[in-house]
1. Taking 0.36 nm per residue of sequence separation and subtracting the Cα-Cα distance, how much length would be gained by fully extending the chain between Ala63 and Asp42, in nm to one decimal?
2. List every residue whose amide H lies under 5 Å from the amide H of Phe43, counting only residues 5 or more places away in sequence or on a different chain, with H placed 1.01 Å from N in the peptide plane.
3. Taking the Cα centre of the range 10-85 as origin, sum charge times position over the Cβ atoms of Lys and Arg (+1) and Asp and Glu (-1), and report the length of that vector in debye to the nearest 20.
4. What FRET efficiency would be calculated for the residue pair Glu83, Leu49, taking the C-beta separation as r and a Förster radius of 30 Å, to the nearest 0.05?
5. May I ask which residue of Pro35, Gln71, Ala24 lies farthest towards the positive end of the charge dipole of the range 10-85, with charges of +1 (Lys, Arg) and -1 (Asp, Glu) on Cβ and the Cα centre as origin?
6. What are the extents of the Cα atoms of the range 10-85 along their three principal axes, listed from largest to smallest and rounded to whole Å?
7. Would you please give the FRET efficiency between Leu8 and Leu70, computed as 1/(1 + (r/R0)^6) with r the Cβ-Cβ distance and R0 = 22 Å, to the nearest 0.05?
Amino acid sequence: MPKATPELTARKKLRHLQRSIDRATSGLTKIIYCPYCYSKLDFTPPGILNEDWQPPTCCAEFALAAIAILQRIEVNEAKDIAERIRKNSGGAAVFN
């Protein structure tokens, strides 16, 4: 009798989904496998002008996790921009 595959823990599912979203947003893949219900989803990133875009969903767990991951990415990008502005604003003032 074959061994059953171990169920992924909640943290492993989130890490798997995070890596999948990172791969999709960087253009390496467009298909994401849901670690919760095992569906295949087309996760083509939205265009720049598409403000109403929502990630595709197959189950509530995936939707909540994907939204949280995407929000974390946005927050981290905003922090990075703020840090770069802070580092570059220490120079002398320029008057034209």
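1. Here the answer is 6.2 nm.
2. The list, which skips near neighbours in sequence, is Ile31, Ile32.
3. It works out to roughly 520 debye.
4. 0.65
5. Pro35
6. 42, 29, 22
7. Once rounded, the FRET efficiency stands at 0.60.
Every read-out reported here was derived from the displayed coordinates using simple, explicitly stated rules and does not represent laboratory data. What you see is a predicted model; the values in this text were computed from it and never measured. All Cβ positions, even for glycine, are placed from backbone atoms using ideal geometry, and neighbour counts span all protein chains on display.
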